[in-house]
Every structure is written in C-alpha cells, then in structure tokens.
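Asker: Take this structure, written in structure tokens, and hold onto it; I'll ask about it next.
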Amino acid sequence: MSGVFIGALFGTVFVVANAHDPLNPAIGIALRVLAVLTFAGLLTLALRAGRRGEPAPDDSEVPRADWFRGKFAFVVGAEAVLLAGGNLALRAAGAPEQTAVAWIALIVGLHFIALTSVWKRRSIAVPGATLTALGATGLVMAATSAVAWVPFVSGVLSGVALLGGCTYAITHTYRSTARP
C-alpha cells in the first residue's frame, strides 16, 4: 500500500498547490478541502483493510515485496533526473513558470507508464496516461493565452487523476479483504 499512499499524497499536493487563480477563490478552497478529505478517507479505508487481513492469495493485485528494487529504482532515478533537468532547461529557455507543473505531470505520468511493465499492473497505466496527457496539454497551453490555466489542467486535474487511481486501488484491496 505504500505506493498507493505516495500516489494519494502527491495527488493531494497537486490539488492543494495548484487550486488558485484563475479559479474562483471559493472553488479553489473547495477543491483543496475535497482533496484533503479524500486523502483522509483513503487512509482510513486502507487502515481498515489492513485490520481485516491479507488479500486473497489468488488476487492478481496482491502486493509484491520486491516492487521497490531493481528496475523500480532505475525508473525513479530517471524520473528525478528528467524532473530536475527538464525544469532547468525550461527555465533556461525562458518558459513561463506554469510549465513547471506541466513538466512534473508529464514526467510523473511517464513514470507510471514505465512502472506498468515493471510491476506488471495494467491498472496504473490509466493514471499514467492521464497525467502524461494533462502534462503535455499544459506544455502546449503554456505557449498560448491560456497559460494561466496550466496549473488547473496539469496540476489540479492530475491530482484528481491520482486520487481517483488510488481510490480504485484501495477500494479494490478493501473489497478483497472482505470475509465471506
């Protein structure tokens, strides 16, 4: 569940950090509150699932102890290099500051897509493809008059996608621990 917690935490951070102008302030506050409440709910559901017991042995979504070694470390290392290097390159090229969140969403999405083959879990391809598309869209928007909306598109919507993917994973785990 640690990967799900990390995803939910980053989804919450995406929303909290990016739900601002040009959004109406009341909408921004509502989105932030909903993100935090969603994270708290996911945490509660995950803890309840942990108390219920282990997922059924035939469950294809059973966590693997070696998920955070080997190829995973390579993917995360490449992600860190691309995040830092890409943001430095964007700044050097004079890109608007809003491109930072678009770049982050793009690289995080690609990292999920790469982890799909490492972890053999197709379920993470959906948030991965979504974040990749939202990041790419934000980078294109940054070159237009819609640049002010990049944090919403690449930040808030990416956070919603991460929280949605984590909601799926945690509810799946919770259901798999149900006792007949």
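Asker: Which of (1) without any contact (Cβ under 8 Å) to a residue 12 or more places away in the chain; (2) in a helix (DSSP H, G or I); (3) of a type in the set (A, V, I, L, M) is the odd one out, the single condition residue 148 does not satisfy?
Answerer: (1)
Asker: Could I ask something else about it? How many of the residues making up segment 102-123 are touching a Phe, Trp or Tyr at 6+ places or on another chain (Cβ under 8 Å) and crowded, with 21+ Cβ neighbours inside 10 Å?
Answerer: As a first pass, look at segment 102-123 and keep what is touching a Phe, Trp or Tyr at 6+ places or on another chain (Cβ under 8 Å): 105, 108, 115, 118-119, 123.
With crowded, with 21+ Cβ neighbours inside 10 Å added as a condition, the list becomes 105, 108, 115.
Here the count works out to 3.
Asker: Next question, about the same structure. Being in a helix (DSSP H, G or I) and closer than 24 Å to residue 165 by Cα is the filter here; which residues of segment 67-98 pass it?
Answerer: Correct list: 71, 72, 73, 74, 75, 76, 77, 78, 79, 80, 82, 83.
Asker: Of the numbered conditions (1) modelled with pLDDT of 95 or more; (2) in contact with a Phe, Trp or Tyr (Cβ under 7 Å, 6 or more places away or on another chain), residue 138 fails exactly one; give the number of that condition.
Answerer: Of (1) modelled with pLDDT of 95 or more; (2) in contact with a Phe, Trp or Tyr (Cβ under 7 Å, 6 or more places away or on another chain), only one is false for residue 138: (2).
Asker: For the subset of segment 1-39 comprising residues that are surrounded by 13 or more Cβ atoms within 10 Å (Cβ to Cβ) and not in a helix (DSSP H, G or I), which member is modelled with the lowest pLDDT?
Answerer: Looking at the filtered set, the residue picked out is 1.
Asker: Checking residue 166 against (1) crowded, with 23+ Cβ neighbours inside 10 Å; (2) closer than 27 Å to residue 71 by Cα; (3) more than 16 Å from the chain's Cα centre (by Cα), which single condition isn't satisfied?
Answerer: Looking at each condition in turn, residue 166 falls short on (3).
Asker: I need the full set of residues from segment 134-180 which are farther than 23 Å from residue 24 by Cβ and among the β-branched types (Val, Ile, Thr), in order please.
Answerer: Correct list: 140, 167, 170, 171, 173, 177.
The values are calculated or read from the model by the stated rules, or taken from the named source; none is laboratory data. Since this is a predicted model, take the numbers as computed values, not measurements. Cβ atoms come from the backbone with ideal geometry, glycine included; neighbour counts cover every protein chain shown.
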